[in-house]
Amino acid sequence: MTKPVLLLALALVLAGCSKEETSPWTRLQAATPQLKVAANTPDAAVKSWWQVRDEEARYAVAVCQETAELYQPFRSTRDSLSAGALQATLAANDRCDAETYEREIVNVDVQSDTRALVVAHIRNAKPPTPGYVMNIDERDKKERGVRMQYLLERADNTQTWKVAQVYGQNRYCTVAPVNGWCPLYNPNPGSAHTYVFEPAQ
């Protein structure tokens, strides 16, 4: 065997070894995005907030795909114990995908050097499941989207803006609405853990 052929063979063996040594953890570390955000204005801070949320969702899909193999023993055994609609529903829940959104800032109300409100129009842009036929109400909701409001605060005008609260227009708000908007992030008081999550049974 000639020297170039030996070197090529050695390179192929080493390449094969390095591929085998790449773990899901290593691949996930490599897939972690390098985020660059701007928060010098309220609208820039909200756009950066969206960017981080979207990147986090995409990364969650990558984590799901990398860890799917680890769950395979549970899923295959579960599938051997289930049938019909139950098995199909569980398999659908195992899929790794994320929602996608179209977002547009509608209004920016800078109320002071330390407080601002940003109103946005948001639509779910993910296509319907293949074969699913939307009814008129679903089509209308998808096209209409929703309004959201973001409260931004900062200590003083030398600091960057931070999202302090996100508000929706949920008519079933479980806390006191603020000027007609439902705060979405509220401190968790804890739980007595009395609820039985039936799909886990």
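The values are calculated or read from the model by the stated rules, or taken from the named source; none is laboratory data. Quick caveat: nothing in here was measured; it's all calculated off a predicted structure. Neighbour counts run over all protein chains shown; Cβ positions are idealised from the backbone, glycine included. What goes into the accessible areas is simple: the full protein's heavy atoms, side chains included, and nothing from ligands, DNA or RNA. Shrake-Rupley method; radii C 1.70, N 1.55, O 1.52, S 1.80 Å.
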Based on what the data block shows, is S23 at pLDDT 90 or above, surrounded by 10 or more Cβ atoms within 10 Å (Cβ to Cβ) and hydroxyl-bearing (S, T, Y)? no
Residues located in the range 50-87, provided they are under 30 Å from M148 (Cβ atoms) and aliphatic (A, V, I, L, M): V52, A57, A60, V61, A62, V63
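Here's the yes/no breakdown for (1) among the acidic types (D, E); (2) more than 23 Å from A155 (Cβ to Cβ):
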residue	(1), (2)
A44	no, no
R58	no, yes
D79	yes, yes
T89	no, yes
I122	no, yes
If E102 satisfies all but one of (1) open to solvent by 80 Å² or more (accessible area, probe 1.4 Å); (2) modelled with pLDDT under 95; (3) under 18 Å from the mean Cα position of the chain (by Cα), what's the number of the condition it fails? (2)
Looking only at the range 156-170, filter to residues that are in contact (Cβ under 8 Å) with a residue 40 or more places away in the chain and of a type in the set (S, T, N, Q); which one of those is surrounded by the most Cβ atoms within 10 Å (Cβ to Cβ)? T160
Boolean, D109 is open to solvent by 80 Å² or more (accessible area, probe 1.4 Å) and at pLDDT 95 or above: no
From E138, E153, grab the single residue that is open to solvent by less than 100 Å² (accessible area, probe 1.4 Å) and touching a residue at least 24 places away in the same chain (Cβ under 8 Å). E153
Return the only residue of A39, A15, A11 being of a type outside the set (F, W, Y), at pLDDT 85 or above and either in a helix (DSSP H, G or I) or open to solvent by less than 50 Å² (accessible area, probe 1.4 Å) (or both). A39
Please work out if L152 is among the aliphatic types (A, V, I, L, M) and more than 20 Å from A38 (Cβ to Cβ). no
Taking the range 171-196, which residues are open to solvent by 80 Å² or more (accessible area, probe 1.4 Å) and at positive phi? N179, H193
Counted residues, the range 42-74 - those being surrounded by 12 or more Cβ atoms within 10 Å (Cβ to Cβ) and under 18 Å from S23 (Cα atoms): 11
